[in-house]
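These notes concern the structure reproduced below.
Throughout, read-outs are computed from the coordinates displayed, never taken from laboratory work. A quick note: this is a predicted structure, and the numbers were derived from the prediction, not measured. Heads up, the Cβs are rebuilt from the backbone with ideal geometry, glycines too, and the neighbour counts pull from every protein chain shown.
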Amino acid sequence: MRIDRVTLTLAKLPYVHFFETSFGREVDRTFIIVKVEADGILGYGEVVADKNPLYSYETTTTAWHILEEFLVPLVLKENITDPLTFSRRAGRFKGHPMAKAGLELALWDVRAKAEGLPLHAIYGGTQKKIPAGVSIGIQDTVPALLERTGHFLEEGYRRIKIKIKPGWDVSVCAAVREKYPDILFQADANGAYSLKDTVLLKDLDAFDLLMLEQPFPPHDLWDHSRLQKEIRTPLCLDESILSAESARKAYEMESCRIINIKVGRVGGIVEARKIHDFCRDKDIPVWCGGMLESGIGRAHNLHLASLPRFTFPNDLSASRRYYKQDLIEPPIEVDSQGMIDLPRSAGIGVVPQEDRIARSTLKEKTYTRKNI
Ligand code: OSB
Ligand code: MG
């Protein structure tokens, strides 16, 4: 195969409802779409870096820079179409996993379309329907949160995750658990606490949480290990797990009992599968996290979540949960059982709508061998 061009698109989509975490409140999302054209086949990837360096140090600006100066020239100059080769060769550039993942995903899409297979078949997925969980941001009031929780349960979601932060934690979890005694329920702190909060975090044990996600900052495997010894609730790491190597260290230190896999955070499908395989071998359950992706990134996540060790409901929701009009057709839908059907056609299996992408575009640039 020969890569003809790569297009980067900076796009912005408004949310249907604000999304607030311990980092702050957002009303829209800015992200990069990567489009690779090879032998007439179009492959799409999404870079999940945000406008602001809050979840990680990467931003849409740093990712654009790394793609434009290093990653896109690498694939164009050396005609790298194989995602495994890309992953290995991009590895000499330090960091910037979200930028790398966006391009790697587009190469996987090209590969799968060339072979006429859906991505999940290429990855070795075994699950045909993917269990959907929903992540509910911090609301203005507890009644508002309870109402949103009820709404998503009615829509069929199999698990509720709420965002917590100091001041919006124990009493809020208590209220959700009291109103919904039997649901699968978990909390995500996005690193807002420290060991000093151990007593408060132990109080969460009363609510039978499926897991507590990332209570401490990313670089803190050791303190997570100390906390896990103190609390009954299983810890799940998100931001801390950057590679299969960090998964091994978290396992050996007993820093968590569950791992959230996000393809952007770990730098691509190659690394995500290494983490998955390590966790399968060590009996660590995993599930697929989300970054409020458009349908492009969301479809990619669905295929990844079909691998056998994805055990818990994922942060994979319907297109309309975040966006009035998603960028893909058909939209992703959650059925009354809280399941999402895996797209069955080749590649990502959904069709990005170029007119909608054009309407949400802030900036776009196409790279060929002539202009890099
Ligand atoms: O920590 O899982 C997280 C969204 C943005 C950044 C970080 C996180 C999240 C979510 C939403 O929880 C997950 C989703 O539904 O896409
Ligand atoms: Mg998280």
LYS94 to ARG344: extension gain in nm, 0.36 nm per residue of separation minus the Cα-Cα distance?
86.5 nm
Value in Å of the Kirkwood radius, where the chain supplies the Cα pairs that are averaged:
20.7
Can you tell me the length gained on complete extension of the stretch THR198 to ILE183, counting 0.36 nm per residue apart and subtracting the Cα distance?
2.9 nm
Rounded to whole angstroms and listed largest first, the alpha-carbon spread of segment 1-140 along its three principal axes comes to 52, 38, 25
Per the helix-only calculation at 222 nm, which mean residue ellipticity applies to the chain, given -39500 (n - 2.57) for every DSSP H run of n ≥ 4 and division by its residues, nearest 500 deg cm²/dmol?
-10000 deg cm²/dmol
Note down, for segment 121-341, the three equivalent ellipsoid semi-axes (square root of 5 times each alpha carbon gyration tensor eigenvalue), biggest first, whole angstrom.
25, 24, 14
Just want to confirm a number: the relative contact order over segment 121-341, from Cα pairs under 8 angstrom separated by 6+ residues, in percent.
24
Mean projection area, nm², convex hull over Cα of segment 185-275
5.3
Putting +1 on Lys and Arg Cβ atoms and -1 on Asp and Glu Cβ atoms, find which of PRO343, SER22, PRO234 reaches farthest to the positive end of the dipole of the chain.
PRO343
Give the relative contact order (percent, whole number) for the chain; include only Cα pairs under 8 Å separated by 6+ residues.
22
Taking max minus min of the Cα coordinates of segment 297-353 on each principal axis, largest first, gives extents in Å of 32, 25, 17
In degrees, nearest 10, the alpha-carbon axis of helix 97-115 is tilted away from the dominant principal axis of the alpha carbons of the chain by 60
Which of the three applies to segment 104-248, rounded, prolate or oblate, going by the alpha-carbon gyration tensor with a ≥ b ≥ c and a/c under 1.5 meaning rounded?
oblate
Two-decimal Rg/Rh of segment 225-333 from alpha-carbon positions, Kirkwood Rh?
1.02
